[in-house]
Amino acid sequence: MDEKRILEELIRSRRSVKPAQFGPGKVADEVVEAILESARWAPTHGMTQPWRFVVFTGDGIERFTTFREEEYRRKNPGEQFNQLKFDKMRAASEKCSHIILIGMKRQESRKLPEWEEVAAVSSALQNMQLCATAYGVACYWSTGAMSTDPSMLSWLELGPDDLALGMLMLGQRGEEVAAPERHPQENFVRWQRK
């Protein structure tokens, strides 16, 4: 298979696999390092490279999960507290081999608009997800309220002008995830030839 077809197949086979669908076992740290390395090659206007990551594994996942639970309880007192959501947060973390917290460091000059830096981090995440797919690693980019909460900035060693953009949850592949229905290209592309 030529390189173009390999790339097309890789793109088409990438899936968002929720932690409940992860298989047993750990992903090797060397594979996670390769996934992180792929982020460096994402496009970034002005080479700001705004992505920041913190990798949790082993006891680090437990420590991070406990912090998230405490924050959830603090922000959702009394009747706002949702036990099902709380339990799902714990269960998802327990299925992960690694959790990568994702941040965006705003450049000090503010020369570029924020959206460009968010786009650069998103591009880095796409590279990481494609790399994970190539290695046979299941991954899920979680962007729920707790994973993008400003309290996550302390873990990322970022300031109030920066952003927490979720977390990439990694695990071994488990059950196969079917390809979701995609709209045909004609639904979102218009050619202007004249």
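Restricting to the stretch 161-181, and then to whatever is in contact with a helix residue (DSSP H, G or I) (Cβ under 7 Å, 6 or more places away or on another chain) and not in a strand (DSSP E or B), can you tell me which residue is surrounded by the most Cβ atoms within 10 Å (Cβ to Cβ)?
Across the stretch 161-181, the extreme among qualifying residues is ASP162.
Just the residues that are modelled with pLDDT of 95 or more and more than 11 Å from the chain's Cα centre (by Cα), please, taken from the stretch 133-161.
Within the stretch 133-161, THR133, ALA134, TYR135, GLY136, VAL137, ALA138 qualify.
Residues being surrounded by fewer than 20 Cβ atoms within 10 Å (Cβ to Cβ), outside any loop (DSSP other than H, G, I, E, B) and not hydrophobic (A, V, I, L, M, F, W, C): count how many of those fall in the stretch 96-117.
The number of residues fulfilling the criteria is 2.
For the stretch 170-191, how many residues meet the condition of being in contact (Cβ under 8 Å) with a residue 24 or more places away in the chain and out of contact with any Lys or Arg (no Cβ under 8 Å at 6 or more places or on another chain)?
4
Going by the structure shown, is LYS4 outside any strand (DSSP E or B), of a type outside the set (Gly, Ala, Ser), under 28 Å from GLU176 (Cβ atoms) and at pLDDT below 95?
Judged against the criteria, LYS4 is a match.
Quick test for you: out of ALA28, ALA39, ALA34, pick the one residue that is at pLDDT 95 or above, crowded, with 19+ Cβ neighbours inside 10 Å and small (Gly, Ala, Ser).
ALA39
What number of residues in the stretch 119-150 are surrounded by fewer than 20 Cβ atoms within 10 Å (Cβ to Cβ), hydroxyl-bearing (Ser, Thr, Tyr) and out of contact with any strand residue (DSSP E or B) (no Cβ under 6 Å at 6 or more places or on another chain)?
So the answer is 3.
Inside the stretch 26-61, can you point out the residues that are in a loop (DSSP other than H, G, I, E, B), farther than 18 Å from GLU117 by Cα and touching a helix residue (DSSP H, G or I) at 6+ places or on another chain (Cβ under 9 Å)?
Of everything in the stretch 26-61, just one residue is in a loop (DSSP other than H, G, I, E, B), farther than 18 Å from GLU117 by Cα and touching a helix residue (DSSP H, G or I) at 6+ places or on another chain (Cβ under 9 Å), namely VAL27.
The values are calculated or read from the model by the stated rules, or taken from the named source; none is laboratory data. Computed from a predicted model, the values in this text were never measured in an experiment. Here Cβ is always computed from backbone atoms with ideal geometry, including for glycine, and neighbour counts include all displayed protein chains.
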